[in-house]
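What follows is a short report on a single structure.
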Amino acid sequence: MKETVVLNKKESQKSTLEQFKKEVNDGLNESLKTLPSKFFYDKKGDALFVEIMHLPEYYVTRSEHEIFKDKSASIIKALALDQDTYFELIELGAGDGMKTKELLQELSRENYKFDYIPVDISQNALEKLEKDLNQKMPHIAVKTKQGDYFEVLESLKENQHPKVILFLGSNIGNMPDDVAEVFIANLSENLNFGDKFFLGVDLIKPAAIVLPAYNDSKGVTAAFNLNLLERINRELDADFEIENFKHQPEYDEKQGIATSFLVSTKEQDVFIKKINKIFHFAKGEKILTEISRKYNDKILDKILKKTAFVIKDRITDRKKYFANYVLEH
Ligand code: AVJ
């Protein structure tokens, strides 16, 4: 039942600090300073994100959870699975698997034959998830795979079993459209004809709903954003004074793109020892730390155009805040 495959572990461990240094240096040398959002998720960032998911203003997680809770039978129908054919349910970046549990429950209730294969870069997250599932749903076969998404998919491609790929939580929203397109194209190269991609995206909606989700009244999202500077202080021996930066979310309602910035509240210099460089910030200068793209059918269609996927179906929550798309290869 248990099986953990470790892919290129040495490689990924060796390069983590070097990669962090390089990307921070590159980002802070651009004319519009940027820091990649993937670096939010250290131990403190992981904990803050769990808090974000429970905030009253952060509708994203709740909306998708509603879909899985109320409509898992519709999801299974839309995926057009065959009850008698074994398939692999592969989740990219599984996290705590909260939403997926609802689907696993329904699949096993309906006697589908499958393995659940959560894929993550974090071995720690996978072990927690596996333990939790083995305890709560011991009848479900969980096969965790640690590593890069595409390497794992490539290794699974050969077995020819039908596959359903889950990529939930609007995680794709952190990618600019051209990057999302390459991501989906890579995904399609590692799948076989007829395989399905189940993609969760946040839908375009008014600023009055989106902005508070990234600017909650308790200041958790601000702390989450500022933790990026604290992490640079901790891991790269920098002297960012956190109180001299403030969290600033923006939302372009027409385009459907939310952005998060850290704004320098005064003119200041910051020394990053491990990069051995001083970075200058003007008063009011912004660092772009995250984009959270919101979708509609048209935007997704445009991204899919150059990939091998087409939209087969979409399932939304009651308020139509969130959509899970069934894409077929
Ligand atoms: C995990 C990327 C979906 O963009 O909504 C939440 C991350 N950032 N609050 C999002 C996030 C600030 C989240 N995603």
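The values are calculated or read from the model by the stated rules, or taken from the named source; none is laboratory data. Only a predicted model underlies this, so the values are computations on that prediction, with no experimental measurement involved. So basically every Cβ, Gly included, is an ideal-geometry build from the backbone, and we count neighbours across all protein chains shown.
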Inset, instruction - Tell me, yes or no, whether segment 188-196 has at least one residue that is among the aromatic types (Phe, Trp, Tyr) and either surrounded by 21 or more Cβ atoms within 10 Å (Cβ to Cβ) or within 16 Å of the ligand (Cβ to nearest atom) (or both). - result: no
Inset, instruction - For segment 189-200, state whether one or more residues are assigned to a helix (DSSP H, G or I) and farther than 25 Å from VAL263 by Cβ. - result: yes
Inset, instruction - Given the conditions (1) loosely packed, with under 15 Cβ neighbours inside 10 Å; (2) over 29 Å from LEU48 (Cβ atoms), report the number of the one that GLN123 does not fulfil. - result: (2)
Legend entry - All helices (runs of 4 or more DSSP H) inside segment 1-116 with 1 or more residues being farther than 30 Å from ILE278 by Cβ, at pLDDT 95 or above and in contact with a strand residue (DSSP E or B) (Cβ under 7 Å, 6 or more places away or on another chain): 59-78, 98-109
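Being in a strand (DSSP E or B) and over 14 Å from LEU229 (Cα atoms) is the filter here, so list the residues in segment 263-273 that pass it.
GLN268
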Inset, instruction - Might you let me know whether segment 167-176 holds any residue that is assigned to a helix (DSSP H, G or I), among the hydrophobic types (A, V, I, L, M, F, W, C), crowded, with 20+ Cβ neighbours inside 10 Å and within 13 Å of the ligand (Cβ to nearest atom)? - result: yes
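Does THR259 satisfy being within 16 Å of the ligand (Cβ to nearest atom), more than 17 Å from ASN25 (Cα to Cα), surrounded by 13 or more Cβ atoms within 10 Å (Cβ to Cβ) and at pLDDT 95 or above? Talk me through it step by step, then tell me what you get.
Working: within 16 Å of the ligand (Cβ to nearest atom): yes; more than 17 Å from ASN25 (Cα to Cα): yes; surrounded by 13 or more Cβ atoms within 10 Å (Cβ to Cβ): yes; at pLDDT 95 or above: yes.
Criteria met by THR259.
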Legend entry - Pair list, Cβ under 8 Å, 6 or more apart: segment 39-50 residue closer than 17 Å to GLU235 by Cβ, other residue among the β-branched types (Val, Ile, Thr) and not in a helix (DSSP H, G or I): PHE40/THR289
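Look at SER260 and say whether it is part of a loop (DSSP other than H, G, I, E, B) and among the hydroxyl-bearing types (Ser, Thr, Tyr).
So SER260 fails the test.
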Inset, instruction - Of the numbered conditions (1) surrounded by 17 or more Cβ atoms within 10 Å (Cβ to Cβ); (2) closer than 23 Å to ILE204 by Cβ, ILE287 fails exactly one; give the number of that condition. - result: (2)
Inset, instruction - Sort through LYS298, LYS254, LYS274, LYS302 and tell me the only one that's among the basic types (Lys, Arg) and touching a Lys or Arg at 6+ places or on another chain (Cβ under 7 Å). - result: LYS274
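Provide a single number: the residues in segment 227-253 that are part of a helix (DSSP H, G or I) and either surrounded by fewer than 20 Cβ atoms within 10 Å (Cβ to Cβ) or of a type in the set (A, V, I, L, M) (or both).
Adding up the residues that qualify gives 11.
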Inset, instruction - Kindly indicate whether any position in segment 303-310 is over 21 Å from the mean Cα position of the chain (by Cα) and either over 24 Å from ILE204 (Cα atoms) or surrounded by 19 or more Cβ atoms within 10 Å (Cβ to Cβ) (or both). - result: yes
Inset, instruction - Go over the candidates LYS218, LYS163, LYS205 one by one and state the one that is farther than 25 Å from ASN124 by Cβ, away from the ligand (no atom under 16 Å from the Cβ) and modelled with pLDDT of 95 or more. - result: LYS163
